[in-house]
Amino acid sequence: MPNRLKVGLRRIDLSLLFKKLKSGLSQRILRLLGRQLPARPQLHRETLQLGGQAYGSWTICPGRVGRGGIVYSFGVGEDISWDLAMIERFGVTVHAFDPTPRSIQWVRHQKLPEQFVLHEYGVADYDGVACFYPPENSDWVSHTLLDRPATATKAIEVPVRCLRTIMSSLGHESVDLIKMDIEGAEYVVVRDMVKTEPVAGGAVQLLIEFHHRFSGKGIGDTRDCIRALKKSGFRCFHISSTGEEWSFLRDD
């Protein structure tokens, strides 16, 4: 190979290496400044992905799911593939919660096992009534408790309850796993959950989708939730490729 070509290739290699190092350093600086989330889980555990492949999947630690346990699934939408997979594989009872009218109607038209129980109210950090804002795209189903000015005139009022009230009304002293996809309300709910006795309802695993992409929320809000969970004994064992779905395990 001509020396000139070798030198050219070395320059290209060094240039690519410099770009990678620069990118990695930038990522670390952003994380230190609190402008980016951690990229790696805090724990290394066996994982299992259940649910739809393109949408609706969640990653659990199968070794920490007891047979016949109690699962709370906050946020149903029109996809319960994960819920049904949990029932089939582990024999759990899934208590699903969603006050969205379209979701309720959709669930009512499904043929479901008796271990799937729908509760037509949402979770919040208080008991009462909340303003529920529909999505801007009418093809979508997920509503949010966060202010959404573009659809404010179409907002509806829905019943909500905090975790301790839900558990008390269902006669549960503890739950085994909590899954939460509640369109931005997770930030106030997590703060309430870590103050609940037992913490997070005694759950061993927490699966949470963080909506820091939503207007009015950001990376800092998600970092605060992760810190609060860590102080309460939860460590992350899985982060999705989007950086939004996180799986936590109680660090016993």
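Under the classification rounded if a/c is under 1.5, otherwise prolate if a/b is larger than b/c and oblate if not, where does region 135-252 fall, given a ≥ b ≥ c as square roots of the Cα gyration tensor eigenvalues? Oblate shape, in that a/c is at least 1.5 and b/c is the bigger or equal ratio.
Per-residue packing, averaged as other Cβ atoms within 10 Å, sorts the ranges 181-194, 78-91, 138-151, 36-49 into the order 181-194, 78-91, 138-151, 36-49, beginning with the highest.
For region 77-221, DSSP calls about 40 percent of its internal beta bridges antiparallel. Only Cα sites of region 42-250 enter the Debye sum here, all with the same form factor; the resulting log10 I(q)/I(0) across q = 0.17, 0.19 1/Å is -1.27, -1.65, listed in q order.
A short reminder: the numbers here are calculations on the coordinates, not readings from a lab. Every value quoted in this text rests on a predicted model; they were computed, and no experiment measured them. Heads up, the Cβs are rebuilt from the backbone with ideal geometry, glycines too, and the neighbour counts pull from every protein chain shown.
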